[in-house]
Amino acid sequence: MLGLYDSQGVLRFAGRDRDDCLAYAELFALPEDSYSLESVAVLVGGSLASTPQAALAGV
């Protein structure tokens with residue numbers, strides 16, 4: 001899972017991959033220098049889930 005963060009470090013969008021995040025940036029006409037793409041970790045019940053599917057399953 002990948003997140004699109006604004007220049008202040010606020011998560012604006014989380015998607016499955018880079019293409020999802022870039023589509024969001026294009027949709028809102030975000031300039032390339034106004035965001036960054038970073039991996040998103042999902043915390044479930046005190047443990048780190050490796051995938052969104054694992055988070056939903058409670059793994």
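The values are calculated or read from the model by the stated rules, or taken from the named source; none is laboratory data. As the structure is a computational prediction, the values presented were derived from the model and not from experiment. Note: ideal-geometry Cβ built from the backbone for every residue, glycine included; neighbour counts use all protein chains shown. Quick note on the areas: whole protein, heavy atoms, side chains included, nothing else; ligands and nucleic acids left out. Shrake-Rupley method; radii C 1.70, N 1.55, O 1.52, S 1.80 Å.
Descriptive notes on the structure:
- Note on region 19-50: residues that are modelled with pLDDT under 95, in contact with a strand residue (DSSP E or B) (Cβ under 8 Å, 6 or more places away or on another chain) and open to solvent by 50 Å² or more (accessible area, probe 1.4 Å) amount to 5.
- Residue list for region 1-18, filter: out of contact with any Asp or Glu (no Cβ under 9 Å at 6 or more places or on another chain) and surrounded by 16 or more Cβ atoms within 10 Å (Cβ to Cβ): Gly15
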